[in-house]
Amino acid sequence: MDFDYAPAPESRSVVDIRSSYGLFVNGEFVDGGGKAFKTINPATEEVLAEVAEADAADVDRAVKAARRAYSRVWSRMSGAERGKYLFRIARIIQERAREIAVLESIDNGKPIKESRDVDIPTAAAHFFYYAGWADKLEHAGYGPDPQPLGVAGQVIPWNFPFLMLAWKIAPALATGNTVVLKPAETTPLTALLFAEICQQADLPPGVVNIVTGAGATGQALVAHEDVDKVAFTGSTDVGRAIAKAVAGSTKKVTLELGGKAANIVFDDAPIDQAVEGIVNGIFFNQGHVCCAGSRLLVQESVAEDVLERLKRRMGTLRVGDPLDKNTDVGAINSAEQLAKIRELSEVGEAEGAGRWSPPCELPDHGFWFPPTVFTGVTQAHRIAREEIFGPVLSVLTFRTPKEAVEKANNTPYGLSAGIWSDKGSRTLWMAGQLRAGVVWSNTFNKFDPASPFGGFKESGYGREGGRHGLEGYLR
Ligand code: NAP
Ligand code: MG
């Protein structure tokens, strides 16, 4: 049967995008000393707003505001009082969830069904979760009277702008630290909306400061001498540069970096469910996911069947307008990211892997890449080793569990993995062998604020989420 979905656009009227934005310092929006930059809608290339760039002097003002708020207000407040602010922020996020979700999809390009059903509810859940810890820190296992570090400098990427903000800010505030956060250059708008939420929640000025800008702003922030804690999520290259920049200082650092996760399908797996998990693992958020299941390891005896069903399923994915409620795969976040995905895909072909995408019409404007699968991939191929950070799956096969473990671990990364099998004993054995921070069993890309997340090896160090997520913000 051949049919089309009628358009089901989410209304934009719920968001009010200003023509220009300042920095959020000491509870107020102020001008930036740098050259203002534009943020665009990657699905249309329409300019959304001009955003102030924080230079080193602005970063210094923001850190000073955070320091003042830390010593005069926030570190002196009881945990129960801090918790009230966090609960208030969590409730406002819920109340304004639709507005935040629509704005996120416009600025980032991700499908509205993901921002609406995953990013924003999970962000609210993070604030609720850490609000609950604020008055119970002495029971967290970090000593009878755990103390905050001071001012946290936090730098986040563009793939989950609001959710990464929540992962960073919620545990920092719950533990009594104050924050200066830099969102990514291509996705600043929901962080600036969060600044408004802080005002609405009557958060004391200076407890949260948002400095917008590009790499140089991030560099000034992490290098600032009065920052006590650096929390970074982004690429392994920048993570390495940050580790070098803070080496020898007393700054505490947590790094959440890249990944090249194996999604491992055994012959006894429920195949249709596994196919859904493979699709979710690599096409969720256009594959702009550090823990994406970008390497499919499938047992040889079922490889043909799995691939056939996977291709059939990929043919039903709808690529297009992020604000359409039926869209599965939205826009690539930027022209730079699109160029990187194209380049690595061309390398995959040149190195001899088989490339396939379902027939799909891509919009004329904006940045788009069709869901793509590479077969016949070997360990030597660059597409098996390097992070593509796009909707591109590399398929490898294996015969025995031991071979699956060897192939899965044969990567400099170690962020996540998935195992699809009917046998609990095998799954547990595999989970023990895999060098990955998170291992999912018969599911993929599941996030919960109570569960720690973080990497091995070049995927970084430190954990975010759960009780473990408190540690990086305590003395
Ligand atoms: P990126 O280039 O490392 O950028 C991340 C953030 O750091 C951005 O805000 C960026 O600014 C800023 N930045 C750039 N250079 C800097 C410097 N020298 N000092 C301080 N800050 C600097 O990464 P991306 O390309 O945006 O994001 C994709 C990468 O992030 C992928 O590799 C992905 O795996 C990783 N990631 C990891 C996780 C995780 O939890 N482990 C989560 C999400 C993403 P601008 O971009 O604004 O210029
Ligand atoms: Mg944008």
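Bear in mind that the values in this text are calculations on the coordinates, not laboratory data. A quick note: this is a predicted structure, and the numbers were derived from the prediction, not measured. Heads up, the Cβs are rebuilt from the backbone with ideal geometry, glycines too, and the neighbour counts pull from every protein chain shown.
Please work out the ratio of the alpha-carbon Rg of the range 166-273 to 2.2 N^0.38 Å and round it to two decimals.
1.36
If each residue's Cβ is checked for other Cβ atoms within 10 Å, how do K457, K35 rank with the fewest at the top?
So the residues, fewest neighbours to most, are K35, K457.
With θ set to phi - 60°, apply the Karplus curve 6.51 cos²θ - 1.76 cosθ + 1.60 along the range 77-91 and write out the HN-Hα couplings as whole Hz, x wherever there is a Gly or Pro.
6, 5, x, 4, 5, 4, x, 4, 5, 5, 4, 5, 4, 4, 5
Which far-off residues, 5 or more places away or on another chain, put their amide H under 5 Å from the one on L181, with H placed in the peptide plane?
Sorted by chain and number, the residues that satisfy this are Q154, N209, I210, V211.
Under 15 Å Cα to Cα from K423, which aspartates and glutamates show up? Leave out anything in the same chain fewer than 8 places away.
Leaving aside aspartates and glutamates fewer than 8 places away in the same chain, those within reach of K423 are D267, D268.
Could you put H468, H126, H288, H139 in order, starting from the residue whose Cβ has the fewest other Cβ atoms within 10 Å?
Neighbour counts put them in this order, fewest first: H139, H468, H288, H126.
In vacuum, with every alpha carbon of the chain counted as one equal point scatterer, what does the Debye formula give for log10 I(q)/I(0) at q = 0.06, 0.10, 0.11 Å⁻¹? Two decimals, please.
-0.26, -0.72, -0.88
Can you compute the FRET efficiency between D237 and W356 using 1/(1 + (r/R0)^6), with r the Cβ-Cβ distance and R0 = 41 Å? Round to the nearest 0.05.
0.85
Relative contact order of the chain: what whole-number percent is it, with Cα pairs under 8 angstrom and at least 6 residues apart?
18 percent.
May I ask you to evaluate 6.51 cos²θ - 1.76 cosθ + 1.60, the Karplus curve with θ = phi - 60°, for each residue of the range 413-424 and list the ³J(HN,Hα) values in order in whole Hz, giving x for glycine and proline?
Each residue's phi maps through the Karplus curve to give 8, x, 9, 8, 7, x, 10, 10, 6, 8, 9, x Hz.
At 0.36 nm per residue, and after removing the present C-alpha to C-alpha distance, how many nm does the segment from A216 to R399 gain when stretched out fully?
61.1 nm is the gain from fully extending A216 to R399.
Counting Lys and Arg as +1 and Asp and Glu as -1, what is the net charge of the other residues whose Cβ lies under 13 Å from the Cβ of I89?
Within the 13 Å Cβ shell, the charges total +2.
Starting from 0.36 nm per residue, how many nanometres of slack lie between A380 and V347 once their C-alpha separation is accounted for?
Value of the extension gain: 10.7 nm.
So how strong a dipole does the chain carry about its Cα centre when Lys and Arg Cβ are +1 and Asp and Glu Cβ are -1, to the nearest 20 debye?
The calculation lands at about 1540 debye.
Using helices alone, what [θ] at 222 nm do you get for the chain, with -39,500 (n - 2.57) per DSSP H run of 4 or more residues, divided over all residues and rounded to the nearest 500?
Helices in the chain give a 222 nm mean residue ellipticity of -11500 deg cm²/dmol.
Taking K and R as +1 and D and E as -1, what net charge do the other residues with C-beta under 12 Å from the C-beta of E304 add up to?
Around E304, the surrounding residues sum to -2.
When Rg is the radius of gyration of the Cα atoms in the range 86-184 and Rh is its Kirkwood radius, what does Rg/Rh come to?
1.02
Which trypsin sites (Lys or Arg not before Pro) from the range 104-202 combine a DSSP loop assignment with at most 15 other Cβ atoms within 10 Å?
Sites meeting the loop and neighbour criteria: K136.
Across the chain, where is the longest run that never hits chymotrypsin sites (Phe, Trp or Tyr not before Pro) in a DSSP loop with at most 11 other C-beta atoms within 10 Å?
6-475
Take the alpha carbon gyration tensor of the range 262-448, find the square roots of its eigenvalues, order them as a ≥ b ≥ c, and report rounded if a/c is under 1.5; if not, report prolate when a/b exceeds b/c, else oblate.
prolate
Is the range 404-447 rounded, prolate or oblate when judged by the Cα gyration tensor, a ≥ b ≥ c being the square roots of its eigenvalues, rounded requiring a/c under 1.5 and prolate requiring a/b larger than b/c?
Note, shape of the range 404-447 comes out oblate.
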